[in-house]
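Written below as structure tokens is the structure these notes are about.
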Amino acid sequence: MMKQVTKDNLEWFQEWANEYDNTLGKVKRHHKLLDLVVRLSGIKRDDRVLDIGCGTGLLSLKFLNKTDCTITAIDSSAQMLKIFQEKIEKCNLTEKIHCAQKSAEDMDFKSNQFDIIAATVALHHVKFKEPVIKNVYDYLKDGGRFVIGEIDLDTTGKLDDPKRLLRILNYLTKELALAMKDGGTQAFERMYDNGKKHILNDGEYCIGFSQWAKLCKNAGFKNMEVRPLKGFESFKVLVATK
Ligand SMILES: C[S@@+](CC[C@H](N)C(=O)[O-])C[C@H]1O[C@@H](n2cnc3c(N)ncnc32)[C@H](O)[C@@H]1O
């Protein structure tokens, strides 16, 4: 059992894993976000990449589709990793991708070893982000890049704050429409269930990009650039260079 992910949340992801590629994996906006992360990462041949909260491997596979690199992929859910591992074996990529069941809070990599560390819609699940980002800085080589693709949404504050609730509901209205359009009722239902978790701060701890940038600055990153995902104002990509 992972130390930092509560049992309830681990179970929620275990269950989602079986339908991930048929729900969020069907949403075109999600692929556009991952494509932007890959593009802005500036990945080069032979780079070493760490994918935090890799899920079923959608981002890692896009990195490998772009260029010949090696990837370490971690996730707290064994079922997400099982599905990813099946894809790795099917595509003969066992030499290129190494998966490990590990939560972001329990990372223990050596210093200065990755060219790129990326995380897409994964780090908002981490409640205490500061130590994780400090570790990310440590694991990157000098000049290495941390690339976060995330929801630009501040869900901090009191659960009964109407302004907070309105912010989340505005975001959810757009996301649920996309889920229904691209993934049908199965995607809608899963994302609706997920929406409730955002409202209740139940394993979902989103922050805005000014907050992500501040955390990166405090960890030692010098250059930070935030890019919007065109056409989808709630999603952005931050590139922080060590
Ligand atoms: C929304 S999915 C994103 C998966 C993938 N990055 C993508 O963009 O398709 C979030 C993933 O983060 C994983 N996760 C949640 N909390 C985590 C944590 N504390 N450490 C590592 N992975 C975590 C979940 O198991 C899930 O696979």
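The values are calculated or read from the model by the stated rules, or taken from the named source; none is laboratory data. Treat the numbers as computed from the prediction; the structure is a model and nothing was measured. Ideal geometry is used to build each Cβ from the backbone, glycine not excepted, and the neighbour counts take in all protein chains shown. Ligands, DNA and RNA are stripped out before the accessible areas are found, and what is left, the full protein with its side chains, is counted by its heavy atoms. Shrake-Rupley method; radii C 1.70, N 1.55, O 1.52, S 1.80 Å.
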Do you know which of the residues in the range 30-68 that are more than 14 Å from the ligand (Cβ to nearest atom) and touching a residue at least 40 places away in the same chain (Cβ under 8 Å) is farthest from residue 110 (Cα to Cα)?
40
In the range 95-128, which residue that is of a type in the set (Phe, Trp, Tyr) and within 17 Å of residue 139 (Cβ to Cβ) is least open to solvent (accessible area, probe 1.4 Å)?
114
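In this structure, is residue 40 out of contact with any helix residue (DSSP H, G or I) (no Cβ under 9 Å at 6 or more places or on another chain) and surrounded by 15 or more Cβ atoms within 10 Å (Cβ to Cβ)? Full working, then the answer.
Values: out of contact with any helix residue (DSSP H, G or I) (no Cβ under 9 Å at 6 or more places or on another chain): yes; surrounded by 15 or more Cβ atoms within 10 Å (Cβ to Cβ): yes.
So residue 40 fits the description; yes.
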Filtering the range 178-203 down to residues that are open to solvent by 60 Å² or more (accessible area, probe 1.4 Å) and aliphatic (A, V, I, L, M), which residue is nearest to residue 18 (Cα to Cα)?
180
Only one residue in 100, 73, 17 is within 10 Å of the ligand (Cβ to nearest atom) and at pLDDT 95 or above. Which one?
73
Residue check for residue 135: open to solvent by 30 Å² or more (accessible area, probe 1.4 Å) and part of a helix (DSSP H, G or I)
yes
Would you point out which residue out of 203, 149 is within 15 Å of the ligand (Cβ to nearest atom), in a loop (DSSP other than H, G, I, E, B) and within 18 Å of the chain's Cα centre (by Cα)?
203
Write out, first by first residue and then by second, each pair whose Cβ atoms fall under 7 Å of each other, whose residues are 6+ apart or on separate chains, and whose first residue, in the range 157-168, is within 13 Å of residue 196 (Cα to Cα) while the second is open to solvent by less than 100 Å² (accessible area, probe 1.4 Å) and in a helix (DSSP H, G or I).
165/199; 168/198; 168/199
